[in-house]
């Protein structure tokens, strides 16, 4: 008896020790692995369609890896490059205007500073801002250059993990289902609930956000907004937030255009302001009303508060991939909550029925 207890204690200690070591080994890469799992989850329907025709998991996973690089990684790099060029352009134009001792709106800025009783000149105020901006850019550039080798290594791990998540994804999900010691009906309910809410919240929200950001970016180009790509990316992010959405970006930009046109007595700027305002109400908002109801059913809708918390909290915990991971985790939480309620209600009904009998 003592020998059996000693063996059990030794075995449990060994398992705990191995789990701790495994956790410490995975810890440096957990965000990378989780990011690969999220990307594989989103693109898995495409992999299933491809593999059903090729009947070759390794080839299908390899092709999906190429697809992910071409249509996910490369566009992301191009967007980052475009944003960098636009920010550099803004920095150069602003610094050149300051070095020439003239701002785009010196009279306006002087008026507001005088109104608040400030004796600081606009050029001095702006030069201080640019000095802080220069130091921030230099610090950020240094950190990026130093982290290039680590980023490349994590990118390799990401691609390697993504391949196996595509190829063995169904096996991983099947093993996870086997670990759930619940009734088959409850497993099926959980699976359907997760699929329904994922399709509604994640695919619906992101399809709508992508469409709105594309149309908004086109509008920014058409109506002469500076750095249109930057504002287009901002539109994508705010489109994920419920209640506020894209008007948080295009409405102030339109008002700014109207204000500039009024102050500078420019009919062109007034036309651009009214045009952007009309375009935002009639086109950008219409895109959301067109796409979201077709993708999201009323039975699968989630509280806007939960979506807001999931997006912001996901970014805070996971970084960029948290935009996708946050809502996915909340979907899992809500689905498990529904299963818990369904399971206990069914037990309560059965208990009352047996008492009545």
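Just so you know, all these numbers are worked out from the coordinates, no wet-lab data involved. Given the structure is predicted, the values throughout are model-derived calculations rather than measurements. All Cβ positions, glycine included, derive from the backbone under ideal geometry; neighbour counts span all protein chains shown.
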Worksheet item: How would you rank 318-329, 167-178, highest first, on the average number of other Cβ atoms within 10 Å across their residues?
Response: 318-329, 167-178
Worksheet item: So, by mean Cβ neighbours within 10 angstrom, what's the order for 308-314, 22-28 with the highest one leading?
Response: 308-314, 22-28
Item to complete: Beta carbons within 10 angstrom, averaged per residue: use that to sort the peptides 32-42, 50-60, 230-240, 11-21, highest first.
Response: 230-240, 32-42, 50-60, 11-21
Worksheet item: Say R0 is 45 Å: what FRET efficiency, to the nearest 0.05, do residue 52 and residue 10 get from their beta-carbon distance?
Response: 0.40
